[in-house]
Amino acid sequence: MRLSRYFLPTLRETPKEAEIVSHRLMLRAGMIRQEAAGIYAFLPLGHRVLRNVCRIVREEQDRAGAIEMLMPTIQSADLWRESGRYEDYGREMLRIKDRHDRDMLYGPTNEEMITEIFRAYVRSYKDLPLNLYHLQWKFRDEVRPRFGLMRGREFLMKDAYSFDVDHAAAIHSYNRMFIAYLRTFDRLGLKSIPMVAETGPIGGSLSHEFIILADTGESEVYCHRDYLDFAVPNADIDFDDAAMLRAQVERWTALYAATSEKHDAAAFARIPADRRVAARGIEVGHIFHFGTKYSEPMRAVVSGVDGAERPVHMGSYGIGPSRLVAAIIEASHDDNGIIWPPAVAPFAAVILNLKQGAVETDAACERLYRALRARQIDVLYHDLDERPGSKFATADLIGIPWQIMVGPRGLAEPARILPEIATVRGSIFLAGAVSASPENALMRCGRADVPAARVDRAWIESEDCQ
RNA sequence: CGGAGCGUAGCGCAGCCCGGUUAGCGCGCCAGUCUGGGGGACUGGGGGUCCCGAGUUCAAAUCUCGGCGCUCCGACCA
């Protein structure tokens, strides 16, 4: 993408309403635009990141055996009267009337609707287990939306719903999502820690929040330091191996970890002092097992082996991709801007033409740009007639993992690669003429989760990259 | 929902107390010149329902009342 043809309205100054760093940076980087309190439009750059987050969420849901569908945002109040939650949910639920004066609502979650769909079609234990999910906008009319995307009123949510014949099978489904969540957050470049949680208005008996640590996190969390070094299960894990999944989940829940609501000071004190972590965290996922809470009142039943009908055992599993975009920034930024983990970066690399309009730099950049695109590398070419300092500032702000600098100085000197400048952002100084080798080096700037496109510093500094 | 505060150009702000030239500054924007490795300099230019409505007054961005919007602190939540 050429910046001259893109839509990237960056701001040099921070709009005054933005307090926390993710909100400030998203506004400044031209990722989002506030349309009302707690309601945001995703501008092109923000949309790219959101799409990347959703892609990873989908891949891991699919891997764990969940099946994607799509339910509507608007629901009939009648469904919610069946479960009894129409009255219970409170003023957080946005209630609306259609032209026939029927009570409708903008869904804050979908337990009722998915249960209705399930009971309409599924009759037998043979159709189980089943896990259906979708990614859809939700609305919760918070009294006080704040912190930008971290607590908006409208937010994107991945919600999955599992259906099982009995309690034991339901726990296996719960464990599948547990592992899928560990993998999802890991791929997003985040360290997540599952913590025992309150079940809130969803209800149920078993629940974990997935928390990532960030200084600006909204809640206080306490956990054992060893969690930070735990290895996340590999992609080839067998989600049908119930015993193995249980062992993994037990490992990830054996040590102490709790948010302030569930904090047990005595238990925390039993952790060796140097292993204690008291920090702030952001909730990025929440999973619930609630058994027959909805299936009983809504008569979602299946017949078992013995022919008798019993309410299906359910759980639900949420991840907030729009909040995750903000959470990733909270966890990964510096004074100059965002530092995207490669897996979610809006572009893999940005070419900075340090002397726009000069024959040799223009030619080098054009050649590089075409070559990268030809190899399916998502590259942004900063081709505006701006001073170098301005281009650096923009590149730092929007957080593209690799900055490829092309300027007269580098082009004139013998080949050399400088390691980096001042930040953890990767930088490549394009040296020498744009001959085959540096170009090839840059070919490797790509998504870190695409092995062929992986690039690392050691390689850049090696002989291959001259 | 309690408490506090803010609405003046795309963004950040001054002006408001104490009413009175054509409403101002920085950044950004447009044109041009010189430039070019960490938000450059100069010259010229465009851009405003001063949140909305009513009132007071010869005169309102400024004072009064009402409304709307937004933010922050607390109670509450993906």
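The values are calculated or read from the model by the stated rules, or taken from the named source; none is laboratory data. All values reported here derive from a predicted model rather than from experimental measurement. Please note: Cβ atoms are built from the backbone with ideal geometry, for glycine as well, and neighbour counts cover all protein chains shown. For accessibility, only protein heavy atoms count, side chains too; no ligands or nucleic acids. Shrake-Rupley method; radii C 1.70, N 1.55, O 1.52, S 1.80 Å.
Does chain A classify as rounded, prolate or oblate by the C-alpha gyration tensor (a ≥ b ≥ c root eigenvalues; a/c under 1.5 gives rounded; else a/b over b/c gives prolate, otherwise oblate)?
Taking the square roots of the gyration eigenvalues as a ≥ b ≥ c, chain A is prolate.
Given axes a ≥ b ≥ c from the Cα gyration tensor, I'd like to know whether the stretch A:30-111 is rounded (a/c under 1.5), prolate (a/b larger than b/c) or oblate.
It comes out oblate by the Cα gyration axes.
Order A:S260, A:S205 by their accessible area, 1.4 angstrom probe, all chains in place, largest first.
Solvent-accessible surface, decreasing: A:S205, A:S260.
For the stretch A:4-51, with all protein chains present and a 1.4 Å probe, just round the carbon and sulfur fraction of the accessible area to a whole percent.
Roughly 46 percent of what the probe reaches on the stretch A:4-51 is carbon or sulfur.
Counting only protein chains, not ligands or nucleic acids, how are A:Y256, A:Y121, A:Y227 ordered by accessible area (probe 1.4 Å), most first?
Accessible-area ranking of A:Y256, A:Y121, A:Y227, largest first: A:Y121, A:Y256, A:Y227.
Taking a ≥ b ≥ c as the square roots of the eigenvalues of the Cα gyration tensor of the stretch A:268-351, is the shape rounded (a/c under 1.5), prolate (a/b larger than b/c) or oblate?
Here the stretch A:268-351 falls in the oblate category.
Could you work out how far the C-alpha centroid of the stretch A:69-140 sits from that of the stretch A:204-253, in angstrom?
Using only Cα atoms, the two centres lie 29 Å from each other.
In nm, give the distance between the simple-model label positions of A:S390 and A:D240, each being 7 Å from the Cα along the Cα-to-Cβ direction.
6.0
Note down the relative contact order for chain A as a percent, whole number, built from C-alpha pairs under 8 angstrom at least six residues apart.
The normalised contact order for chain A reaches 16 percent.
Can you return the lysines within cross-link range of A:K391? Criterion is Cα-Cα under 20 Å, with same-chain partners fewer than 8 residues away left out.
Excluding near neighbours in sequence, the set is A:K355.
Counting only heavy atoms of protein chains, what accessible area per residue, in Å², does the stretch A:6-54 have with a probe of 1.4 Å?
It amounts to 49 Å² per residue over the stretch A:6-54.
For the stretch A:13-88, what's the relative contact order in percent, using C-alpha pairs closer than 8 Å and at least 6 residues apart?
14
When the helix-only estimate is applied to chain A (DSSP H runs of n ≥ 4, each -39,500 (n - 2.57), divided by the residue count), what is the mean residue ellipticity at 222 nm, nearest 500 deg cm²/dmol?
That calculation yields -9000 deg cm²/dmol at 222 nm.
How large is the translational diffusion coefficient of the stretch A:238-301 in µm² per second when you combine the Kirkwood radius over alpha carbon pairs with Stokes-Einstein at 25 °C and 0.890 mPa s?
Answer from the Stokes-Einstein relation: 159 µm²/s.
Determine the gain in length on full extension of the stretch A:T14-A:R2; use 0.36 nm per residue of separation and subtract their C-alpha separation, reporting nm with one decimal.
1.8 nm
Using only Cα atoms, tell me the angle between helix A:111-121 and the longest principal axis of chain A; keep it within 0 to 90° and round to the nearest 10.
So the helix axis and the longest Cα principal axis differ by about 70 degrees.
What is the spin-label model distance, in nm, from A:Q136 to A:D264 if the labels are put 7 Å beyond Cα along the C-beta direction?
The answer from the label model is 3.8 nm.
Run the quick spin-label model on A:D98 and A:E198: label points 7 Å from Cα toward the beta carbon, then report their separation in nm to one decimal.
In this crude label model, A:D98 to A:E198 measures out at 3.5 nm.
Based on the Kirkwood radius over alpha-carbon pairs, what value in µm²/s does the Stokes-Einstein equation return for the translational diffusion coefficient of the stretch A:1-159 at 25 °C and 0.890 mPa s?
Roughly 135 µm²/s, to the nearest whole number.
What is the Cα centroid distance between the stretch A:375-411 and the stretch A:1-20, reported in whole angstrom?
Distance between centres, Cα-based: 16 Å.
Counting only protein heavy atoms and using a 1.4 Å probe, what share of the accessible area of the stretch A:194-282 belongs to carbon plus sulfur, as a whole percent?
Reported share for carbon and sulfur atoms: 48 percent.
For a 32 Å ceiling on Cα separation, which of these pairs sit above it: A:K138/A:K293; A:K16/A:K97; A:K262/A:K293; A:K126/A:K191; A:K97/A:K262?
Over 32 Å Cα-Cα: A:K16/A:K97; A:K126/A:K191; A:K97/A:K262.
What is the stretch A:45-134's relative contact order, in percent, from Cα pairs under 8 angstrom and six or more apart in sequence?
RCO, the stretch A:45-134: 35 percent.
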